[in-house]
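Step one of this worksheet: look at the structure below.
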Amino acid sequence: MSTAAMSRIGATSLKIYAMEVILLILVVFLIAFAPGFATLGNFLNVLRTVSMLGIIAFGMTAVIISGEIDLSIGATAGLAGCIVAFVCDGYMDMIGEVPAVLIGTIAALAIGFCTGVFTGKIRQWFNVPTFITTLALFTAIRGIANLVTGGFPMPSFPSWFYFFGAGNLFGVPFPVYVLAVVFVAMHFLMKYTSFGRAIYAVGGNAEAARLSGIDVSLTKTLALAITGALAALSGILLASQVGSGIGTMATGMELDVISATIIGGTSLFGGKGRIWGTLLGVLFLGCIANGMTLMNVSEYWQYVVRGGIILGAVLLNQILERIR
Amino acid sequence: MVRGAIEFRDVTKVYGPTVAIGRFSHAFEPGRIHALMGKNGSGKSTLVKMLAGAIEPTLGELWVNGARVRFEGPRDAYAAGIVTVHQELSLVRSLSIGENIYLGRLPKKHVMGGTVVDWQRLNDDARALMADMGLDLDPRALVETLSVGQQQAVEIVKAMSFAPSILLLDEPTSALAAPEVAQLFNLIRRLRARGVTMIYITHRMNELFEIADTCVVLRDGHFVGATEMKDATSASIVEMMFGGVSMAKRPARRSVDRSRPILSVRNLQRDDVVHDVSFDLYRGEVLGFAGLLGSGRTEVLRAVFGADPHDGGAIVFDGETIERPTPKSMKKRGLGYTPENRKEVGLVQVLSSHDNLCLASIGRIARHGLIDRRLEQPFVDRQIRDLSIRVPDPMDPVSSLSGGNQQKIVIGNWLNTEPKVMFFDEPSRGIDVQAKQQIFEIMWQKAERGLSSIFVSSELEEVLEVADRIIVLYHGRVVAEVLPEETTLAELYKICMEGSP
């Protein structure tokens, strides 16, 4: 094989595996320089932290690939925890612990799903960009969450409920299992179902997809609804972890979720992206935050670094795109 | 110094292992219209891009106005008096004509110590410039309110506002109907009278004889020959382009069973664009829609397919009365539609050829909503083989293919749904003669096997050649129905232009 051909293959695989390589470099760096990074306990801790983020980010990836955005997921997550807490608070004595948690959870997931449907339908009927609708929901849902709890933390869960957010199963934090299941499900959905293919087509060229007989609105609405439900799921785990329903929980999470998605190579223009890439983006953000804390980097500097990373990731993607 | 002289001396352009232009030498005489001919991928665009300063030759010399030039960017070409009018319109649709003409160099004036746009002067200048070229348009009108033909004219006015000595025209007529082409040609002749040298790329053979003075033919990146148009015939040019490939003619006219229509449209109405349109389409028939741009050809197809809503009328498809068609429901019933502007709405450019070939059949080939690429593979392979699509790797983005091959992907995408009826809207626009012929042959083959289709083309020769029967639309109405064997090109042109047989 000629050197030219080899370097071409090298360049191509660098383009494809750039994120993997960078994550690897980061991990090696942190193992070398961040005290306590390379322990099993810390590793599991990172995984637990990123789980809440990742569960939503996989949904967000689908939404962004479909050419839309969802800014309301942090608020939805907050509301979900509050709903479970509210149901436990009001009805646990009446109907028992397990039914109360179950009903609260189902209600929270359903409401999360419905916020997505709402956003999608507003988009379909009135052609309001999802950026606007979810920005409105971002504010309104946060208000509703605080109305549900009355503005105070609501530590009304039964004692065993902490397990979902803070407990371990076979030594591994429970949310990690949830993350794994959602990852596999979303990866499968995007790659091996006609719905997933429709998401790429709709985001790549909505009119071409419509003229090919694909239901554009339904596709986008479903992606948004799935993400809403995942946001609720993540919110319930968070509430379980902190032990109460808090109206202000997961504030700013939407930006972390979108950051992880973009770092993972998903294009905000739609049509391009991978669930796998988002997983890498999520891990990357988690490792950076954890590593910097271990290295005693001030919180303010952490913000600066993360900002730089988001821009750097997008620039890198653009440059790699050009090389090819 | 000779104003407007262009000479290529042994110019070569190489992209990686591909030779786009190989040792091209030719001197273009100043003040004349030179047609550049060659099938897609023959290197015409590469040649024009070098002149426009978009790319640099790998080897060889470029001489303009008697001096050797080296263009490092479009700016250098501008400075040398070379301006390009591209195939795709580059106007900002939401701005006015005047703003578009002077975009990036709006005239300024000083008011109270500040600088503001001098609208008065801008509009006056634009109006004068247009009047000078025989164009009567309000410079304040928004570009989006103009017809495609008018937009093309504005594009040329904009180019001429730079007072170039050389004008490069890349398929300026590809989106125009006959009368608009005639207007454009008047404009081009005016420019020639002023001594502007023009290089003109087109796929429309008949235009050459009307407008060009000479014709330069390229094949596979090499100079094949140059001829004065008065000495040329279309056969001699095709011979030069293809090296003696004979043009396929349609098979003997088949008899179509016209007892029961597969598609009946009655009194179709879409306010302002389609009025009281009725027609029948029979099994195995190729029905041609002729008419000028804006005559409602595309609008009728889109309304029946459900891409646009309609305001009245009845559609009966395969015995079933359709109330409110949508692309999704019509696809399910067996109707396919390849849109006229494939780049914008026919394909998802970021997806691969493979995915684009399975776009419309997305749910069909899947099993319980699950996609299996192995299951899709035969569908992809079949279309690539049947339509002779030249695609290096089906998993590469479809945007890497040439226009003709992209068009075949659009068609293959729909053939994979195994339709009963196909609407082909301008399938031959902007693609080379060979690809066109192949597409027509596919239509005839499918018709033999019972596929009914409606074929729309701005090129009336093609409609006469391809269709079994022709309906002529004029201002949104059906004004005539003719049989190709009983109609001459001139007659058909006349009906299209005048709206009556």
Residue among A:Leu218, A:Leu222 that alone is open to solvent by 30 Å² or more (accessible area, probe 1.4 Å), more than 7 Å from chain B (Cβ to nearest Cβ) and either under 22 Å from B:Tyr337 (Cβ atoms) or free of Cβ contacts under 8 Å to residues at least 24 places away in the same chain (or both): A:Leu218
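I'm checking my understanding of the structure. Among residues of the stretch B:139-157 that are open to solvent by less than 60 Å² (accessible area, probe 1.4 Å) and part of a loop (DSSP other than H, G, I, E, B), which one is nearest to B:Pro172 (Cα to Cα)? Reasoning before the result, please.
Step one: of the stretch B:139-157, the residues open to solvent by less than 60 Å² (accessible area, probe 1.4 Å) are B:139, B:141, B:143, B:146-149, B:151-157.
If we keep only those that are part of a loop (DSSP other than H, G, I, E, B) as well, we get B:139, B:141, B:146-147.
Values: B:Pro139: 21, B:Ala141: 22, B:Leu146: 16, B:Ser147: 14 Å.
So, considering only residues that are open to solvent by less than 60 Å² (accessible area, probe 1.4 Å) and part of a loop (DSSP other than H, G, I, E, B), the one nearest to B:Pro172 (Cα to Cα) is B:Ser147.
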Verdict on B:Ser453 being over 16 Å from B:Gly296 (Cα atoms), in contact with a Lys or Arg (Cβ under 6 Å, 6 or more places away or on another chain) and not basic (Lys, Arg): no
The stretch A:195-208: number of residues that are within 8 Å of another protein chain (Cβ to nearest Cβ) and either in contact with a Pro (Cβ under 6 Å, 6 or more places away or on another chain) or open to solvent by 20 Å² or more (accessible area, probe 1.4 Å) (or both): 5
Per-region count, the stretch A:176-193, residues of a type outside the set (A, V, I, L, M, F, W, C), assigned to a helix (DSSP H, G or I) and either within 14 Å of chain B (Cβ to nearest Cβ) or closer than 14 Å to A:Gly59 by Cβ (or both): 3
A:Ala166 closer than 19 Å to A:Gln241 by Cβ, at pLDDT below 90 and surrounded by 14 or more Cβ atoms within 10 Å (Cβ to Cβ): yes
Count - residues of the stretch A:303-319 that are open to solvent by 50 Å² or more (accessible area, probe 1.4 Å), out of contact with any Ser or Thr (no Cβ under 9 Å at 6 or more places or on another chain) and under 14 Å from A:Ile288 (Cα atoms): 3
Within the stretch B:418-455, considering residues that are among the polar types (S, T, N, Q) and at pLDDT below 90, the one farthest from B:Ala360 (Cα to Cα): B:Gln434
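Considering B:Ala52, B:Ala27, which residue is modelled with pLDDT of 90 or more, open to solvent by 10 Å² or more (accessible area, probe 1.4 Å) and more than 15 Å from B:Gly221 (Cα to Cα)?
Numbers: B:Ala52 fails: modelled with pLDDT of 90 or more.
Just one listed residue meets the conditions, B:Ala27.
So how many residues does the stretch B:383-402 have that are within 11 Å of chain A (Cβ to nearest Cβ) and touching a residue at least 24 places away in the same chain (Cβ under 8 Å)?
Step one: of the stretch B:383-402, the residues within 11 Å of chain A (Cβ to nearest Cβ) are B:396-400.
Subsequent filtering for residues that are touching a residue at least 24 places away in the same chain (Cβ under 8 Å) retains B:396-399.
So the answer is 4.
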Test: residue in the stretch B:284-300 that is within 14 Å of another protein chain (Cβ to nearest Cβ) and surrounded by fewer than 21 Cβ atoms within 10 Å (Cβ to Cβ): no
Failed condition for A:Pro173, given (1) open to solvent by 10 Å² or more (accessible area, probe 1.4 Å); (2) at pLDDT 90 or above; (3) of a type outside the set (A, V, I, L, M): (1)
For A:Ala145: the one exception among (1) touching a strand residue (DSSP E or B) at 6+ places or on another chain (Cβ under 9 Å); (2) closer than 30 Å to B:Pro309 by Cβ: (2)
Filtered residues of the stretch B:445-469 (kept if open to solvent by less than 10 Å² (accessible area, probe 1.4 Å), within 17 Å of B:Gly336 (Cα to Cα) and assigned to a helix (DSSP H, G or I)): B:Ala447
In the stretch B:481-498, the residues that are buried (at least 19 other Cβ atoms within 10 Å of the Cβ) and more than 24 Å from the chain's Cα centre (by Cα): B:Val482, B:Thr487
Any chance B:Val472 is surrounded by fewer than 21 Cβ atoms within 10 Å (Cβ to Cβ), outside any helix (DSSP H, G or I) and modelled with pLDDT of 85 or more: no
Residue in the stretch B:312-320 that is open to solvent by 10 Å² or more (accessible area, probe 1.4 Å) and facing chain A (nearest Cβ under 7 Å) present: no
Filter result (in contact (Cβ under 8 Å) with a residue 24 or more places away in the chain, open to solvent by 10 Å² or more (accessible area, probe 1.4 Å) and at the interface with chain A (Cβ under 7 Å from one of its Cβ atoms)) within the stretch B:321-350: B:Lys331, B:Gln349, B:Val350
Test: residue in the stretch A:274-291 that is modelled with pLDDT of 90 or more, closer than 17 Å to A:Glu20 by Cβ and part of a loop (DSSP other than H, G, I, E, B): yes
Index of the failed condition, B:Ile411 passing every other in (1) more than 19 Å from B:Leu347 (Cα to Cα); (2) open to solvent by less than 20 Å² (accessible area, probe 1.4 Å): (1)
Meets criteria (modelled with pLDDT of 90 or more and open to solvent by less than 30 Å² (accessible area, probe 1.4 Å)) for B:Asn123: yes
Top-ranked residue of the stretch A:264-279 - restricted to ones that are within 14 Å of A:Leu316 (Cβ to Cβ) and either buried (at least 23 other Cβ atoms within 10 Å of the Cβ) or touching a Ser or Thr at 6+ places or on another chain (Cβ under 6 Å) (or both), ranked as farthest from the other protein chains (Cβ to nearest Cβ): A:Gly264
The stretch B:360-382, subset within 7 Å of another protein chain (Cβ to nearest Cβ) and free of Cβ contacts under 8 Å to residues at least 40 places away in the same chain, residue surrounded by the most Cβ atoms within 10 Å (Cβ to Cβ): B:Ile362
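Is it the case that B:Arg68 is assigned to a loop (DSSP other than H, G, I, E, B), in the same structural domain as B:Val157 (by the TED database) and basic (Lys, Arg)? Full working, then the answer.
On the way: assigned to a loop (DSSP other than H, G, I, E, B): no; in the same structural domain as B:Val157 (by the TED database): yes; basic (Lys, Arg): yes.
Considered against the rule, which asks whether it is assigned to a loop (DSSP other than H, G, I, E, B), in the same structural domain as B:Val157 (by the TED database) and basic (Lys, Arg), B:Arg68 comes out as no.
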Single condition A:Lys191 does not satisfy, out of (1) at pLDDT 90 or above; (2) open to solvent by 60 Å² or more (accessible area, probe 1.4 Å): (1)
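The values are calculated or read from the model by the stated rules, or taken from the named source; none is laboratory data. Owing to the predicted nature of the structure, the values given are computational and were not obtained by experimental measurement. Ideal geometry is used to build each Cβ from the backbone, glycine not excepted, and the neighbour counts take in all protein chains shown. Only protein heavy atoms, including side chains, enter the accessible area calculation; ligands, DNA and RNA are left aside. Shrake-Rupley method; radii C 1.70, N 1.55, O 1.52, S 1.80 Å.
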